[in-house]
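As structure tokens, the structure follows; a few thoughts come after it.
Since every read-out is calculated from the coordinates, none of them should be taken as a lab result. Bear in mind the structure is a predicted one, so any value in this text is a computation, not a measurement. Heads up, the Cβs are rebuilt from the backbone with ideal geometry, glycines too, and the neighbour counts pull from every protein chain shown.
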Amino acid sequence: MLPIEQFPVLVVAISLLSALTILLAGWINKKSCFFISLATITFQFILSIFILHHVLTVGTIHYWLGGWRPPWGIEYVVDALNAYVLIIILFLSLLAAIYSKRSVEHEIDEKKLVTFYTLFQLLVTGLAGVVVTGDLFNMYVLLEVCSLAAYALIAVAGGRALKASYNYLVMGAIGVCFYLLGIAFLYSVTGTLNMGDMRLLLPALYGNKGVQLAFVFMFIGLGIKAAFFPLHTWQPDAYTYAPSAITVIISTAMAKASIYALIRIIFSVFTVDFITLFAPIADIISWVAAIAMIFGSILAIAQFNLKRMLAYSSIANIGYIMLGVGLSTSTTLGLTPALMHILNHALMKGCLFMAACGFIYKADLRDIRDLVGLARRMPYTCFAFLLAALSMIGFPPSVGFVTKLYLIFAALDAGKYIFIAVIFFSTLLMIVYFWHVIEIMYIRVEEGGEKEISVTEVPRSMFIPGLVLAFLCFIVGIIWLIGTPMPLMDAINSGLGLGVVP
Amino acid sequence: MIEWIAQHIVAKYNFWIAIVIMLTGLYATIAKGNLLKKLIGLTIFQTSIFLFYISLSDVGTLAGLGLHYGTAPIVWEEGIHKGYMYVNPLPHVLMLTGIVVSAATTAVGLALVVRLYEEYGTLEEERIMEKEMEIERRGT
Amino acid sequence: MSTEKRIQERDVVIQTIAKLMIPFIQLYGLYVMVGTEGAGGGFQGGTVLAASFILLVVAFGVDKGRMKMPEGWNAVFKSLGLYLYAGVGGLLCIIFSLGKAEYLNYCAIPLAKIIGGPATRGFWVGNIVEVGIGVTVMAAFVSIFYDLVRKEEKKEAKE
Amino acid sequence: MKKLHLLPTVALISVILLGAMFMYVVEDIPAFGDPNSPPNKYVPLPISIDADGLADSLDAGVVPAELKSEIAEIGYTRENHFPSLEEGNYKIDKTEEGWDVLIMKEEKYYPGPEKWYFIKEELGGKLKVYRYSIPVRWQEKTEEETELPNMVTSGLADYRSYDTMYEEAVIFTAAISVIMLLRRREKL
């Protein structure tokens, strides 16, 4: 066994051990918590780069935990899709950790710092674990680790966050239970829990009603976790009232991990054949996603609270990703647009939430109408917001533009022209609400009666991650257009049996 | 018809009992306005799933009349000769994990309920909503 | 007269019975936790042990209970169980075999060269992993119980 | 006027929908207590070929080429990280009901043969292939491999020990969450 094949398990296990260490180290020195957490996440990020390199050059990593062969024991399978999502999640966690340093000191009792960072590290553990695992039940346990940490971390802000967190807990627990029930049905007909094994055993059982119901349950369960349109009701409150750093991490890394789980279940356990065989499942997903794109954008226009507006915008963007998933079965592009938007949306929404939380940090500005003339006082934060908002609208050559371009290609290729109209309409709505904010921030001049805001720039550790993300929005967009990551996308598509349309 | 009932309702009574409990739990989780009752409903819902898993592991056919008897999965040579079979240990293992997860979720939920009660002085969802509205109105 | 004091005076019977019962409950918890011969295991044993502490708190009040099981110890125990499991059991396997064996593969522990692989596994699972699980579960449940109970007490004191 | 009770209506609709879904699937759920059901013993593979000639070959201890290619077609091949049916890698035990195919494990510490496939001759002279599922190995090998008589313990803390580790992480998370939400004293 090559030493590098140990890395997937080390990414998760060292993170867990670090969480324990933070709890004990915090007893001696509260300041050390942040640094241990930061060092661990940096280390995990470096490991994940090695994993991606190994997967692309050598091949898929199969790792038998405890030395037991897969159907009897638990297996870690790391292919191109896992490695790609793992890097995104750990990169965003790293930036959120850097961002949390000052914002947490400002928002949370000093007494709670130790437990806060312990839970933060456990959240990262859960997210990394969900992504690398190759076992259905193991995924359930790790989903529960990261969800429990997320419930508590949202609630720590107090006040209305408690109710938001409670709603999230009830919805999330029902979602995870549905997922567990789905596993029960699959297990009762296949007798295995390993994803690769189940993929081979299922084709003979596609006609089995239990398998069909299992698909529905798993889709609903993970859809609740990912805040897919009709199941999103917990999401706006949770994003709005959570502490800043937590909003950043759950809106980017956690949403992406849930989407990853959904993609893994749909394409790796049930495969493309299943979703095209019985019902037009892919079409249903596309249509619901199209409704989500429009619904989220319209509700975002109606909001005055900036964070809530961004939360509704997230619902629309989850719709973009799911539209990519829905179209993937009928184009030669396969999952490429959806996978692109997983990265792109993480970059853009991370930057936007960092900026929005920066406004709250300095002057408690939650309302969009209070942001008048802020660009002169907080130039860097506002610039980051501007770049990310332009990118969201689809200003070339930003990442938002690339996503929309590829989604249009995919819709053209599939011959479903209606979705092109949906994409254009949703872009129009996005322009309305983002332009509204930008206009208030940059163009509108303070009137005499407006209250004087005397704010300066947020601390450096808070605006630099935002700026990094904002510039990445454009740099990554150019990289996508050049086509450097396309071999990775092809590897993922061929691994899932996509991209080949008969 | 009678055959169908015997085959799918009597022989699969484990499934039906789990389903009835599950639907009770789900109804309570969604419909009840009291936060604590919601949590109780959630626990019932989770427990019914455990019941379904555990019942998958049994190997006794018509216990009493039939040919096989399921016994606890602990190595016991004497029992094997008497015609006993070990029940499937895997669902037990999975559900031990599941029970811990359920207990953990309940603990976090209870902690949230305690905090909510401190904050609003009530556990009825409607009253909490009203108070939130009030706070918002006062805020602006 | 405070509520706490009144309760204590009223409950002589319960206190005496609890004093008698608690050692046996703890002994039984340890038996369930370590005895891999029969049914049981770390989680069940840990729960029984936690129940004994909860009985202590119910009979004598939180303050006395906390003297027997301080919260500081609780935090250490919680981490200790997982350290035993994930650190000692898991990472050492990789370290001892220089990256050749898998995580949690107890055959890679040097003990296996002396008493053989299966025996090592049995020893490790029965005595270290199960105890780690039990300690974590016990500490976690006791800690959750303390935190859920203490609030009410504070409210009563205020009134 | 009393306002419409929205939540009970939603709950009732979802309960009825779910109940209907469960009614729909009941025919395909394995019967209670079936010792041969997929979770308990083996899973049928979609293979069914004529037995004439092949049974003799199985009796002689050789898996015939037709069966081998059928199994490979499902995907149980070396490329998918499953054991292959190479010559000398397996052996066949004849039992009353059929033939057990035992394959050498590839685990470093436990190389001995173990049950993988089960081949049965059915009434119409057809051969049916089954794959053994998880509990078979746990029940038969737990004493040999872990020296623990209790299969739940060995399964919990050895075969699926990784799940258990994160189960502990879950309870740890819950304890820390409760501390964070409720504790107000100086320590932690």
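What to note about this one:
- Overall, the anisotropy analysis places the protein assembly as shown in the oblate class: the square-rooted eigenvalues a ≥ b ≥ c of its C-alpha gyration tensor yield a/c not less than 1.5, with a/b not exceeding b/c.
- The distance from the alpha carbon centre of region D:74-106 to that of region A:86-126 is 49 Å, rounded to a whole number.
- Separation of the residue A:278 and residue A:418 label points, Cα + 7 Å toward Cβ, nm: 2.3 nm
- Neighbouring Cβ atoms from other chains, within 10 Å of the Cβ of residues in D:81-92, number 1 on average.
- Global form of region A:280-502, assessed from the alpha-carbon gyration tensor, a/c cut-off 1.5: prolate
- Modelled this way, with points 7 Å down the Cα-to-C-beta line, the labels at residue B:99 and residue D:6 are 3.9 nm from one another.
- Length-normalised contact order of chain B in % [C-alpha pairs under 8 Å, at least 6 apart]: 20 percent
- Separation of alpha-carbon centers, region D:155-173 and region A:275-289, rounded to whole Å: 37 Å
- Value of [θ]222 nm, deg cm²/dmol, for the protein assembly as shown, DSSP H segments ≥ 4, -39500 (n - 2.57) each, nearest 500: -21500 deg cm²/dmol
- Once exposed loop chymotrypsin sites (Phe, Trp or Tyr not before Pro) are cut out (DSSP; at most 13 other Cβ, 10 Å), longest piece of chain A: A:1-277
- In terms of distances greater than 21 angstrom between alpha carbons, the cross-link table entries A:163/A:307; D:68/D:120; A:307/A:349; C:78/D:141 yield C:78/D:141.
- Helix D:65-74 and the long axis of chain D differ in direction by around 20°, with both axes built from C-alpha atoms.
- With at most 10 other Cβ atoms within 10 Å, longest stretch of chain A clear of loop GluC sites (Glu not before Pro) (DSSP): A:1-446
- C-alpha long axis of helix C:71-82 to longest principal axis of chain C, angle in °: 20 degrees
- Between the exposed loop cleavage positions of chain A, defined as trypsin sites (Lys or Arg not before Pro) in a non-H, G, I, E, B DSSP state with at most 11 neighbouring beta-carbon atoms within 10 angstrom, the longest gap is A:32-450.
- Distance from region A:294-369 to region A:190-251 (C-alpha centre basis), Å: 19 Å
- The long axis of helix A:281-301 is offset from the longest Cα principal axis of chain A by roughly 10 degrees.
- 10 Å Cβ neighbours from other chains, averaged over peptide B:38-49: 3
- Region D:73-148: trypsin sites (Lys or Arg not before Pro) falling in loop per DSSP and having at most 12 other Cβ within 10 Å: D:78
- Per-residue mean of C-beta atoms belonging to partner chains within 10 Å, peptide A:195-208: 4
- Between the beta carbons of residue D:16 and residue C:24, assuming R0 = 60 Å, the FRET efficiency works out to 0.75 to the nearest 0.05.
- Residue B:124/residue A:486 FRET efficiency (R0 45 Å; Cβ-Cβ; nearest 0.05): 0.20
- With the simple spin-label model, which puts each label point 7 Å out from Cα in the Cβ direction, the residue B:10 to residue A:475 separation comes to 7.2 nm.
- Overall form of region A:168-269 per C-alpha gyration tensor (a/c, 1.5; a/b vs b/c): prolate
- At R0 = 25 Å, FRET efficiency that the Cβ-Cβ distance of residue B:77 and residue D:95 yields, to 0.05: 0.80
- In a DSSP loop and with at most 15 other Cβ atoms within 10 Å, the trypsin sites (Lys or Arg not before Pro) in region C:17-119 are C:100.
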